[in-house]
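Chemist: Would you mind keeping the following structure in view while I ask a few things?
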Amino acid sequence: MDRKNILRTGKRKKASCKRVFWFLFLLAAFLMAANLCAGSIRVPAEEWIMIFKGRGNPVYRDIVMEIRFPRAMAAAVLGGGLALSGYLLQAFFNNPIAGPFILGISSGAKLMVALVMILSFGQAVQPGFAGMIGAAFAGAMISMGFVIVISKAIDKMSMLIVSGIMIGYICSAITDFLVTFAEDTDIVNLHNWSKGSFSGIGWEHVLAAGAVVFPVALGAFFLSKPISAYELGEAYAQNLGLDLKRFRIRLVVLSSLLAACVTAFAGPVSFVGIAVPHLVRYLLGTSRPVLMIPACFLGGAVFCLFCDFLARILLAPAELSISTVTAIFGAPVVLYILIRRKRGKTG
């Protein structure tokens, strides 16, 4: 009887997880369509079929296919990568509040990208996508190094978060100082990018971002079993034969690559890496990495598509920065986590 109940429970959980994945996938598709349709310029309904056939009014076709569509794809790809980066950092630090923005990793990446951008202005040789991602990765790894050193010196979760925030403030202050040396014509673009935005992203950016995000996400998926063992304790993981040093290096590199790629193309985007893994875990009803990793990617895509949709339409034709909207929805999740942990300790 007990065995039958266990099997039934397992089947119900499996069916529930399938429903969650279908829900996230369909929601992502719906939000993708909404992002193509909505905007300050209305595209007539009769134009849509013609647009996807490659005909119709060239102005409407360019708006949809060259501006809105790549922007929506970038929001999905980069949002998924950022949520997955947050999940990997939470697994690495065993800390539910860990995330690339809170720990200052995104700010370190932003600093290095801003430096490369300012140095390249007016130069004949531009850094290109590889140079931008490489600079962001270097900045992310430097910030990550500081965070790891601090995490070994202190035990309290709150102090780690405060230290990460201080690192972020320092990097942001240096970035703002560097921006003052840019030409007047470049300051506006640098300012918009430094606040976080998917605006101005084209198909070439989407392809370059996808070439980094998808292989890294696949590499993270292959670490599902080691992450499961690691979450049960270091001693347990070592008894299973897990090389903790190599495993940690992989987690650091993968999470930093994802955060760096997002920062290089969209600037720092706040709270996605923290909020989405917790929301996804609540929907799934499980913390199994083999489910959490793909679900986090889908959840991040949904979250950023939704927030970018609001950023474009709330004050159209003006736009909000993507970080402004993600903070509105992500910050309450962080506060809830902190309050729940406090109650759990005092209860």
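Chemist: Rg and Dmax of the stretch 273-333, Cα atoms, in Å?
Modeler: Taking only Cα atoms of the stretch 273-333, I get Rg and Dmax of 13.1, 43 Å.
Chemist: Starting at 0 and stepping by 5 Å, how many percent of the alpha carbon pairs of the stretch 176-276 end up in each bin?
Modeler: Whole-percent P(r) values from 0 Å outward: 2, 10, 16, 17, 15, 12, 9, 8, 5, 3, 1, 0.
Chemist: So if R0 is 45 Å, what FRET efficiency would residue 318 and residue 238 give, r being the distance between their Cβ atoms, rounded to the nearest 0.05? Don't skip to the end; give the middle numbers.
Modeler: Values: r = 55 Å, r/R0 = 1.21.
That gives a FRET efficiency of 0.25.
Chemist: Now for a different question. Can you give the extra length, in nm with one decimal, that the chain gains between residue 115 and residue 211 once fully stretched, where that is 0.36 nm per residue apart less the Cα-Cα distance?
Modeler: Values: separation 96, 0.36 × 96 = 34.56 nm, distance 2.37 nm.
This chain segment gains 32.2 nm when fully extended.
Chemist: Show me the ranking of peptides 104-112, 225-233 by mean Cβ neighbours inside 10 Å, starting with the highest. Kindly include the intermediate steps, with their values, before the conclusion.
Modeler: Values: 104-112: 30.6, 225-233: 16.9.
Packing proxy ranking, top to bottom: 104-112, 225-233.
Chemist: What ranking, highest mean first, results for peptides 21-33, 275-287, 80-92 when packing means the other Cβ atoms within 10 Å averaged over each residue?
Modeler: Taking the mean over residues of other Cβ atoms within 10 Å, the ranking is 80-92, 275-287, 21-33.
Chemist: For the stretch 2-346, what's the radius of gyration and Dmax over Cα atoms, in angstrom?
Modeler: 20.8, 72
Chemist: Please give the FRET efficiency for residue 248 paired with residue 48, using the beta carbon to beta carbon distance and R0 = 51 Å, rounded to the nearest 0.05.
Modeler: Numbers: r = 49 Å, r/R0 = 0.96.
With R0 = 51 Å, the Cβ-Cβ based efficiency is 0.55.
Chemist: Further, regarding this structure: My understanding is that a pair violates if its Cα-Cα distance is over 22 Å; which of 13/225; 14/225; 110/225; 110/152; 18/225 do that in this structure? Could the numbers behind the result be given before it?
Modeler: Details: 13/225 19 Å; 14/225 18 Å; 110/225 32 Å; 110/152 25 Å; 18/225 20 Å.
The answer is 110/225; 110/152.
Chemist: Local charge sum around residue 325 (other residues, Cβ-Cβ under 11 Å, Lys/Arg +1, Asp/Glu -1)?
Modeler: Details: positive: 312; negative: 308, 319.
Residues near residue 325 contribute -1 overall.
Chemist: Given the options 137, 249, 320, identify the residue whose Cα lies farthest towards the positive end of the charge dipole of the chain (+1 on Cβ of Lys, Arg; -1 on Cβ of Asp, Glu).
Modeler: Of the candidates, 249 comes out farthest on the positive side.
Chemist: I've got another one for you. Let me have the relative contact order for the chain, percent, based on Cα pairs under 8 Å that are six or more residues apart. Could the numbers behind the result be given before it?
Modeler: Working: 477 pairs, mean separation 103.6, N = 347.
Taking the mean separation of contacting Cα pairs over the length of the chain, I get 30 percent.
Chemist: Still on this model: Using the Cα centre of the chain as the reference point, and only Cβ charges (+1 on K/R, -1 on D/E), how large is the resulting charge dipole? Debye, rounded to the nearest 20.
Modeler: On the way: 32 positive and 16 negative charges, 445 e Å.
About 2140 debye.
Readers should treat all values here as calculations from the given coordinates under stated rules, not as data from a laboratory. Because the structure is predicted, anything quoted here is derived from the model rather than measured. Cβ coordinates were reconstructed from backbone atoms using ideal geometry, including for glycine residues, and neighbour counts include every protein chain displayed.
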